[in-house]
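The values are calculated or read from the model by the stated rules, or taken from the named source; none is laboratory data. All figures in this text were calculated on a predicted structure; none of them were measured in a lab. Cβ sites come from the backbone with ideal geometry, for glycine too, and all protein chains shown count toward neighbours. Ligands, DNA and RNA are excluded from the accessible area calculation, which covers all protein heavy atoms including side chains. Shrake-Rupley method; radii C 1.70, N 1.55, O 1.52, S 1.80 Å.
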Amino acid sequence: PLARSRHSGDDEATAEAIGNLAQLWNDRGDLDAAEPLYREALAMDQRLFPGDDARVATDLNNLSQVLADKGDIAAAEPLAREALAMRRRLYPGDHEDLAESLNNLAHLHSGRGDVVGAVALFREALAMSRRLYPGDHPRVAGGLNNLSVVLKNSGDLAGAEPLARETLE
């Protein structure tokens, strides 16, 4: 890539370009091409920005998501936990990236059958989304749907129904 030819070694613009290329491959459905690029962007950003940094948290989240999409929940979950912990430190209040990490980790809990963990995280994410996006908003609807589905799948139809109805409204 052009960024690599202009900058030798670690460079913020190069890391961003690598991450963007990874996202492109991910969006095209080529997870095998996306994964090593996400890993490279993460490693570079970790060297460039040691400690808590929004770019590193995003890289952790992105790599976790591609691994989850490939079905490797065991590898995805520690990265999702690290991204969530970092985002909690970076954003002590409500923040859209924090809500995203809560949802992502909740999906992983759900995927491995931990309904209690998934419900708690989905509830926290939904409450945060309601505060961030008052009124009708797609992120709130998505949070309602996530919680409704995990409750329905666990057999809690009475808990799922009002959430599903609110999602539809």
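Using bins of 5 Å that start at zero, the share of Cα-Cα pairs per bin across region 120-169 amounts to 5, 26, 31, 25, 10, 3, in whole %. On the beta carbon distance between Ala85 and Asn153, with R0 = 30 Å, the FRET formula returns roughly 0.65. Taking the square roots of five times each eigenvalue of the Cα gyration tensor of the chain, the equivalent ellipsoid has semi-axes of 32, 17, 14 Å, listed largest first. Here the chain exposes an accessible surface that is 52 percent carbon and sulfur, computed with a 1.4 Å probe and the other protein chains kept in place.
On a per residue basis, the chain carries 53 Å² of accessible surface, using protein heavy atoms and a 1.4 Å probe.
Hey, if you drop one equal point scatterer on each alpha-carbon of region 21-86 and run the Debye formula without solvent, what base-10 log of I(q)/I(0) do you get at q = 0.26, 0.27, 0.29 Å⁻¹? Values returned for q = 0.26, 0.27, 0.29 Å⁻¹ are -1.10, -1.16, -1.25. The trypsin sites (Lys or Arg not before Pro) of region 73-152 that DSSP puts in a loop, and whose beta carbon has at most 15 other beta carbons within 10 Å, are Arg112.
Electrostatic tally near Gly29: other residues with Cβ closer than 12 Å to its Cβ, Lys and Arg +1, Asp and Glu -1, net -2.
Arg123 to Asp136: extension gain in nm, 0.36 nm per residue of separation minus the Cα-Cα distance?
Details: separation 13, 0.36 × 13 = 4.68 nm, distance 1.73 nm.
Extra length from Arg123 to Asp136 when fully extended: 2.9 nm.
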